[in-house]
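Inspection log for the structure reproduced underneath, given as structure tokens.
The values are calculated or read from the model by the stated rules, or taken from the named source; none is laboratory data. None of these values were measured; they are calculated from a predicted model. Cβ atoms come from the backbone with ideal geometry, glycine included; neighbour counts cover every protein chain shown. Surface accessibility is based on the protein's heavy atoms, side chains included, excluding ligands, DNA and RNA. Shrake-Rupley method; radii C 1.70, N 1.55, O 1.52, S 1.80 Å.
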Amino acid sequence: MKQGGVDFGYGIKSTLVQCLVLTTTYFLNVQQGIDVMMPTIIIGALKREGDNTVPGITDEQISWIGSLVYLSPPIGSLFLSLVQARLGHRICMALTNLIQLSSVLVVVLFPITVSSLYACSMLMGLSTGFATGLSISYSGEVCEPKLRGSLTSALNVFYFVGFFFVSTTYAITESWKKSLIIAVAVPLANMLALSMTPDSPMWLLSRGKTDKARKILMKLRGCVSEEKCAPEFQEMVQYVSLSAKSEEAKKKPSSLGSFSHPGLWNPLKLMLIYIFFSNVMSGVPYAPYLMNVFSSFNTQVEPAWAMSAYPAFSIIGNVFTILLVHRLGKRYLVLSTITVCSLSYILIGFIGQFYDDTEYTSWAKLALFFGSTLSSSLGVMPIGWILMSEVFPMKSKNLGCSICSAVYFFLSFFMTKFYMDLEKFIGFYNTFFLFGGIGIVGLVYFYFCLPETENKTLKEIAEHFKLEPV
């Protein structure tokens, strides 16, 4: 359950201002939903009977169109880690919007070929890699401790909003190219919002702009007085100073020396392990094959309708995260939702292996699957992104978030790419036994190693990881 923490007592006006300031991060996550979903729509259109958009396109080429959107985000994330500390969030966000716009121009201004579709998918992946790290680090730095968990967890809601937006647009227009052009409205709107978005006070402090950082913080907290925000500002100064001293102390001739400092390495180890278990519990391996999964359950529900319900359960779970994370704490939500997901997977495997398909067993499997979807979206999936915005020290935050984002997309690619081979090797329902067992291992690990960060200042979290082994 949630432990006692920090409340600077700013009030409702501060909450509203922080929600408005995060508009750009929510637009970025809508873009992510569009970018990740768009190759799926393009592939579906190209494989439709009678489609002659790209004559002679092969299944191998189609698979690359779908996979490049997962392979290129790590490139964007790692590049971001090199430039964000110098350029700041606002400039990098503007660059993200330009990359997203260029992915549309590739197929609008040039003939539609396999190469142009490769370029479109890769640019969307690059945009996603930029957006992931930016939205996490910015929301983690501008939100006060008691709101950081709730407001950052809303990022996933907007991701699925993008998913729904482009899917609905395609259903209405029946043209993937028109859908892509209409989706340009999102980065254009974000450019407008970005013109009114301030830089992070912590980034300004790291650049030595103390007075400007103080003024920005006062505005972010509802235009309060300097005295009112003085305690939080002093926490920020100490946090940035602590990170700067650690950075100086760990400097070595080798550029790899920074990885030896526990301020980076301890939370990085935790987050890399977390990403693995989160991907398994969130059903990432099944994601591209949901139609086949629902068909295998043999329910009377059409697989297409079941698939449309999948993101709806995810949105419901994300909304409950926003409502409950401050009340229950992140640790409690992670442990409880991993338990539900693991048991749901094991029960699906048990029913599928040892019971014949009947109306009741089919519905039970579908209900358990959606239960795991709701549960993972309530806890283990969104909280991973929140933790990523909190656990890294200031000087290593960009690098840590970028590495974690890169690992997330690499793991997503490999899990989806080789899932069918795993299913052929051990059987469909045995994959649920396997993933459920992995979840139990994750539950034990997080019970002993996952700290509570809800309602803690970034300075307090940084001090924990300097002192505690992971």
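Cβ contacts < 7 Å: first residue over 12 Å from residue 108 (Cα atoms) and open to solvent by 70 Å² or more (accessible area, probe 1.4 Å), restricted to the stretch 162-187; second residue aliphatic (A, V, I, L, M) and part of a helix (DSSP H, G or I), any location; separation 6+ or different chain. Result?
Final answer for the pair search is 165/30; 165/34.
Out of the residues in the stretch 156-181 that are among the polar types (S, T, N, Q) and farther than 12 Å from residue 34 by Cβ, state the one that is modelled with the lowest pLDDT.
The first filter runs over the stretch 156-181 and keeps only residues among the polar types (S, T, N, Q), leaving 156, 167-169, 173, 175, 179.
Filter once more, keeping what is farther than 12 Å from residue 34 by Cβ: 156, 173, 175.
Values: 156: 79, 173: 83, 175: 83.
Only one residue tops the list, namely 156.
In the stretch 76-96, how many residues are modelled with pLDDT of 85 or more and within 16 Å of residue 125 (Cβ to Cβ)?
So the count comes out to 2.
Give the residues of the stretch 113-155 that are polar (S, T, N, Q), at pLDDT 80 or above and assigned to a helix (DSSP H, G or I), sorted by residue number. Full working, then the answer.
In the first step, residues of the stretch 113-155 are kept if they are polar (S, T, N, Q); the result is 113, 115-116, 121, 127-128, 132, 135, 137, 139, 150, 152-153.
The next check asks that each one be at pLDDT 80 or above; those that pass are 113, 115-116, 121, 127-128, 132, 135, 137, 139.
Selection gives 115, 116, 121, 127, 128, 132, 135, 137, 139.
Conditions tested, residue by residue: (1) assigned to a helix (DSSP H, G or I); (2) free of Cβ contacts under 8 Å to residues at least 24 places away in the same chain; (3) closer than 23 Å to residue 156 by Cα.
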| position | (1), (2), (3) |
| --- | --- |
| 334 | yes, no, yes |
| 337 | yes, no, yes |
| 342 | yes, no, yes |
| 345 | yes, no, yes |
| 349 | yes, no, no |
| 356 | no, yes, no |
| 363 | yes, no, no |
| 372 | yes, no, yes |
| 376 | yes, no, yes |
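Residue by residue through the stretch 434-470, note down the ones that are open to solvent by 40 Å² or more (accessible area, probe 1.4 Å) and acidic (Asp, Glu).
Across the stretch 434-470, the qualifying residues are 460, 463, 468.
Any residue at all in the stretch 422-433 that's of a type in the set (D, E, K, R), open to solvent by less than 70 Å² (accessible area, probe 1.4 Å) and without any contact (Cβ under 8 Å) to a residue 24 or more places away in the chain?
Yes - at least one qualifying residue is present in the stretch 422-433.
Checking the condition part of a helix (DSSP H, G or I), farther than 30 Å from residue 227 by Cβ and open to solvent by less than 60 Å² (accessible area, probe 1.4 Å), which residue from 78, 105, 68 passes?
68
For residue 388, state whether it is in contact with a helix residue (DSSP H, G or I) (Cβ under 7 Å, 6 or more places away or on another chain), within 30 Å of residue 127 (Cβ to Cβ) and open to solvent by less than 10 Å² (accessible area, probe 1.4 Å). Working first, answer last.
Working: in contact with a helix residue (DSSP H, G or I) (Cβ under 7 Å, 6 or more places away or on another chain): yes; within 30 Å of residue 127 (Cβ to Cβ): yes; open to solvent by less than 10 Å² (accessible area, probe 1.4 Å): yes.
Yes.
So, in the stretch 28-65, of the ones that are buried (at least 17 other Cβ atoms within 10 Å of the Cβ) and not hydrophobic (A, V, I, L, M, F, W, C), which residue ends up modelled with the lowest pLDDT?
Taking the candidates together, the pick is 40.
Go through the stretch 400-470 and tell me which helices (runs of 4 or more DSSP H), entirely inside it, have 1 or more residues that are modelled with pLDDT under 85 and closer than 26 Å to residue 202 by Cα.
Details: elements: 419-426, 428-449, 458-467.
Filter on the stretch 400-470 gives 458-467.
Of the conditions (1) assigned to a loop (DSSP other than H, G, I, E, B); (2) at negative phi; (3) loosely packed, with under 15 Cβ neighbours inside 10 Å, residue 223 fails just one. Which one is it?
Of (1) assigned to a loop (DSSP other than H, G, I, E, B); (2) at negative phi; (3) loosely packed, with under 15 Cβ neighbours inside 10 Å, only one is false for residue 223: (2).
Say whether the condition of being more than 13 Å from the chain's Cα centre (by Cα), without any contact (Cβ under 8 Å) to a residue 12 or more places away in the chain and under 18 Å from residue 69 (Cα atoms) is met by at least one residue in the stretch 113-126. It would help to see each step written out before you state the result.
Start the filter on the stretch 113-126 by keeping residues that are more than 13 Å from the chain's Cα centre (by Cα), which leaves 113-126.
Narrowing further to those that are without any contact (Cβ under 8 Å) to a residue 12 or more places away in the chain: 115-116.
If we keep only those that are under 18 Å from residue 69 (Cα atoms) as well, we get 115-116.
Among the residues of the stretch 113-126, at least one is more than 13 Å from the chain's Cα centre (by Cα), without any contact (Cβ under 8 Å) to a residue 12 or more places away in the chain and under 18 Å from residue 69 (Cα atoms), which makes the answer yes.
When you check residue 85 against the structure, is it assigned to a helix (DSSP H, G or I), small (Gly, Ala, Ser) and open to solvent by 40 Å² or more (accessible area, probe 1.4 Å), yes or no? Can you show your working first?
On the way: assigned to a helix (DSSP H, G or I): yes; small (Gly, Ala, Ser): yes; open to solvent by 40 Å² or more (accessible area, probe 1.4 Å): yes.
Yes: the conditions hold for residue 85.
If you take the residues of the stretch 234-264 that are modelled with pLDDT of 80 or more and surrounded by fewer than 20 Cβ atoms within 10 Å (Cβ to Cβ), which of them is farthest from residue 396 (Cα to Cα)? Step through it out loud before you land on a result.
Within the stretch 234-264, the subset modelled with pLDDT of 80 or more is 234-238.
From what's left, surrounded by fewer than 20 Cβ atoms within 10 Å (Cβ to Cβ): 234-235, 237-238.
Details: 234: 20, 235: 18, 237: 16, 238: 16 Å.
Applying the filter and picking the extreme gives 234.
Would you confirm, using the coordinates I've provided, whether residue 368 is touching a residue at least 40 places away in the same chain (Cβ under 8 Å), over 30 Å from residue 62 (Cβ atoms), open to solvent by 10 Å² or more (accessible area, probe 1.4 Å) and part of a helix (DSSP H, G or I)? Spell out how you get there, then give the answer.
Working: touching a residue at least 40 places away in the same chain (Cβ under 8 Å): no; over 30 Å from residue 62 (Cβ atoms): yes; open to solvent by 10 Å² or more (accessible area, probe 1.4 Å): yes; part of a helix (DSSP H, G or I): yes.
So residue 368 fails the test.
For residue 99, indicate whether it is within 17 Å of residue 24 (Cβ to Cβ), open to solvent by 10 Å² or more (accessible area, probe 1.4 Å), at pLDDT 90 or above and touching a Ser or Thr at 6+ places or on another chain (Cβ under 7 Å). Steps first, answer last, please.
Working: within 17 Å of residue 24 (Cβ to Cβ): yes; open to solvent by 10 Å² or more (accessible area, probe 1.4 Å): yes; at pLDDT 90 or above: yes; touching a Ser or Thr at 6+ places or on another chain (Cβ under 7 Å): yes.
So residue 99 passes the test.
Could you list, in sequence order, all residues of the stretch 203-220 that are of a type outside the set (Ser, Thr, Tyr), open to solvent by 10 Å² or more (accessible area, probe 1.4 Å) and in a helix (DSSP H, G or I)? Please lay out each step first, then the result.
Of the residues in the stretch 203-220, the ones of a type outside the set (Ser, Thr, Tyr) are 203-205, 207-209, 211-220.
Going one step further and asking which of them are open to solvent by 10 Å² or more (accessible area, probe 1.4 Å), we end up with 203, 205, 207-209, 211-212, 214-216, 218-219.
Passing the criteria: 203, 205, 211, 212, 214, 215, 216, 218, 219.
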